[in-house]
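The values are calculated or read from the model by the stated rules, or taken from the named source; none is laboratory data. It should be emphasised that the depicted structure is a prediction, and the values quoted were computed from it without experimental measurement. Note that we place each Cβ from the backbone using ideal geometry, even for glycine, and neighbour counts take in every protein chain shown.
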Amino acid sequence: MDWSPLWISLATSLTATAVTLVVGLAASAWRESRTGPGAALIDGIFILPLVLPPTVVGFLLLLLFGRNGPLGKLLIRVGATIVFSWPATVIAATVVAFPLMYLTSRAALEQVDPHLIQAARTLGASEWRVFREVALPLAWPGILAGTILCFARALGEFGATLMLAGNIPGRTETIPIAIYFAVEANETQRAMVWCAIDVGISLVLLSALYYWTHAQHLHRQRLGYR
Amino acid sequence: MPLEIQIEKKLADFALDVSFRADDGPLSILGASGAGKTMLLRCIAGLERPGRGRIALNERILFDSEQKIAVAARGRRIGLLFQNYALFPHRTVAENIAFGLHSLPPADRTLRITALIASTHLAGLEQRYPRELSGGEQQRAALARALAIEPEALLLDEPLAALDTHLRSQVEAQLQETFAAYRRPSLLVTHNIEEAYRLGEQLLVLSRGRIAAFGAKEEIFRHPPNAEVARLTGCKNISRARPNADGTIEALDWDCQLSARDASGKSPKYIGIRAHHIDFPDPSSEVISGRNVFPCWLVRRSETPFRITLFLSFVAPHGESSEYHLQAEVFKQKWRHFRDLPQPWRVQLAPESLFLMPD
């Protein structure tokens, strides 16, 4: 049996999660200091991939990165094509997982007692130091939970990936795509093996997440966090 | 002047509108909850932006709406002590104090921390986390952290409110020690009259966003400038007043004529006397016809361990009426001398204890 879909899925999800973590944190930190209808619109755009059908996300990405798309043209000029390549799986998974990271990290940062942030400011700390040394360490448990959720979502990504990255065995064929094509080719047994692997990984991740959240909850209670 | 403040800021149901100059040394800001005290501190610290006005600290402009200057909180060098202390829960006491000393060389930082630990009596607790400290220790750690940046002014928001009664006197002693050593403007917000008096050298009374009184605390307590300040500084007996042609004062709510020393020279509208200034002349003495001596009846009373509050009426009580004119406070030893005497008792409102207020 060809195990490449497992490695492709893991590599894609890990990369997508890393990107989401950095971009998601930056976005929520940036968003925290803003209010008004403009900011609400930004929120809407950030969260949109969560509710749109993955095919819509995939199609929009295809328009953006395609041969005639604005980003596609730019990339062709430097000799890179995204569509139907491994980076395409990462891009699709990142866009789809991003809202989860954004929502959970925002919630985690908002839970930090604002007096602690203000105290740090009166002590002369720059906004970056306030974020790195006060907000982030205190919001970290929630952010880690978001990261796990993100990874699980990236692992399960199918629709947008298929549209942007296609199904190239050994290059863009992730587990969900392998399942789809196995079923289509009447290879029930192969589909079942991949299903079992996917369910197994997700279950382990989600159990770990709940165990972690619970342990953190007890820890914070002991610490007397607000 | 070290700290000059002149700001306006709209709040939910009134506007904060204050203008004053604070000297070096502690200034108590007294006011009821929701009078705008905390907002005032937050504006000075740079955590809130006033609608308009000007804030200057040692000639350095921190905020000026006309010149469009608004120094960020991190650049103000003002120590703010939060009501809930706001210690960083993930940092030890030493790390909390070190937070503001980021830019110092490590050797200097250690020296400064050691000195602060000593002056706030936190020795031995350096490596503890805030959760492992008592309320009083957390308070001192927060104080040390605020003082670490060598602030040009110190702001304290209800520093004793979150503490149990038995800890208060201990923390109050620490604050007095700190104020004795830290001779820069220190604004201390409280709604506790006695705390305000004990800790502040000067007093500012804030009422619905406005300054009702500002000056030497002794003077404000001895002679409140208006009825509002009298009430806020704990005066329980205030009556509307009208001057008579013969120089006496008619107390309209108490229905009696009083002789009083009028210092202001303005036509008085209110007259007041503090509960513990009301005197009960010795019944065996012959001074029955002393000045401002009236017969009175006890309506009800309320006891604390050492003192008793008597609610007195100038007219004989009839039926179930619990209306009273005066509230007097006496030590129990004194109360024992006249508690069993037949009523009416005699009460004296000594002229030197009465104060007149123009509004």
Inset, instruction - Could you list, in sequence order, all residues of the stretch A:155-209 that are small (Gly, Ala, Ser) and on the phi > 0 side of the Ramachandran plot? - result: A:GLY166, A:GLY170
Inset, instruction - Kindly check whether there is at least one residue in the stretch B:26-41 that is at pLDDT 95 or above and among the polar types (S, T, N, Q). - result: yes
Inset, instruction - Would you point out which residue out of B:GLN127, B:GLN83, B:GLN139 is farther than 24 Å from A:TRP140 by Cβ and touching a Ser or Thr at 6+ places or on another chain (Cβ under 8 Å)? - result: B:GLN83
Inset, instruction - Kindly indicate which of B:GLY53, B:GLY124 is away from every other protein chain (no Cβ under 12 Å) and in a loop (DSSP other than H, G, I, E, B). - result: B:GLY124
Legend entry - Output for the stretch B:178-222, where each listed residue is within 8 Å of the chain's Cα centre (by Cα) and among the aromatic types (Phe, Trp, Tyr): B:TYR197
Legend entry - Identity of the residue in the stretch A:189-226, modelled with pLDDT of 90 or more and loosely packed, with under 11 Cβ neighbours inside 10 Å, that ends up nearest to the other protein chains (Cβ to nearest Cβ): A:SER207
Inset, instruction - Being within 11 Å of chain A (Cβ to nearest Cβ) and closer than 16 Å to B:LEU87 by Cβ is the filter here, so list the residues in the stretch B:148-178 that pass it. - result: B:ALA148, B:ILE149, B:ASP157
Inset, instruction - Could you list, in sequence order, all residues of the stretch B:114-151 that are within 24 Å of the chain's Cα centre (by Cα) and touching a residue at least 60 places away in the same chain (Cβ under 8 Å)? - result: B:ALA142, B:LEU143, B:ALA146, B:LEU147, B:PRO151
Inset, instruction - Would you check which residues across the stretch B:56-74 are closer than 12 Å to A:ARG121 by Cβ and either within 10 Å of chain A (Cβ to nearest Cβ) or not aliphatic (A, V, I, L, M) (or both) and list them? - result: B:ALA72, B:ALA73, B:ARG74
Inset, instruction - Considering only the stretch A:14-79, give the helices (runs of 4 or more DSSP H) lying wholly within it that have at least 2 residues that are among the charged types (D, E, K, R). - result: A:70-77
Legend entry - Subset tally (residues that are outside any helix (DSSP H, G or I) and either within 11 Å of another protein chain (Cβ to nearest Cβ) or over 24 Å from the mean Cα position of the chain (by Cα) (or both)) for the stretch A:91-140: 6
Inset, instruction - Kindly establish whether B:LEU87 is within 14 Å of chain A (Cβ to nearest Cβ), over 19 Å from the mean Cα position of the chain (by Cα) and either modelled with pLDDT under 95 or part of a loop (DSSP other than H, G, I, E, B) (or both). - result: yes
Legend entry - Hey, B:ASP108 surrounded by 14 or more Cβ atoms within 10 Å (Cβ to Cβ), free of Cβ contacts under 8 Å to residues at least 24 places away in the same chain and more than 14 Å from chain A (Cβ to nearest Cβ) or not: no
Legend entry - Subset of the stretch B:304-348 that is assigned to a strand (DSSP E or B) and without any contact (Cβ under 8 Å) to a residue 40 or more places away in the chain - its residue that is surrounded by the fewest Cβ atoms within 10 Å (Cβ to Cβ): B:PHE331
Inset, instruction - Pick out, from the stretch B:188-246, the strands (runs of 3 or more DSSP E) lying fully within it that include 3 or more residues that are closer than 26 Å to B:PHE14 by Cα and in the same structural domain as B:ALA146 (by TED's automatic domain parsing). - result: B:202-207, B:210-216
Legend entry - So B:SER28, is it hydroxyl-bearing (Ser, Thr, Tyr), more than 14 Å from chain A (Cβ to nearest Cβ) and more than 20 Å from B:LEU175 (Cα to Cα): no
Legend entry - Residue pairs meeting the criteria (Cβ under 9 Å; at least 6 apart or on separate chains; first under 12 Å from B:LEU30 (Cα atoms), in the stretch B:212-231; second crowded, with 21+ Cβ neighbours inside 10 Å and among the acidic types (Asp, Glu)): none
Legend entry - Filtered residue count, the stretch B:3-62, keeping only those that are touching a helix residue (DSSP H, G or I) at 6+ places or on another chain (Cβ under 9 Å) and of a type in the set (Lys, Arg): 3
Inset, instruction - Could you tell me which numbered condition A:TRP128 fails, if it satisfies all but one of (1) surrounded by fewer than 22 Cβ atoms within 10 Å (Cβ to Cβ); (2) in contact (Cβ under 8 Å) with a residue 12 or more places away in the chain? - result: (2)
Legend entry - Yes/no for B:ARG77 being surrounded by fewer than 22 Cβ atoms within 10 Å (Cβ to Cβ), touching a residue at least 40 places away in the same chain (Cβ under 8 Å), facing another protein chain (nearest Cβ under 8 Å) and not small (Gly, Ala, Ser): yes
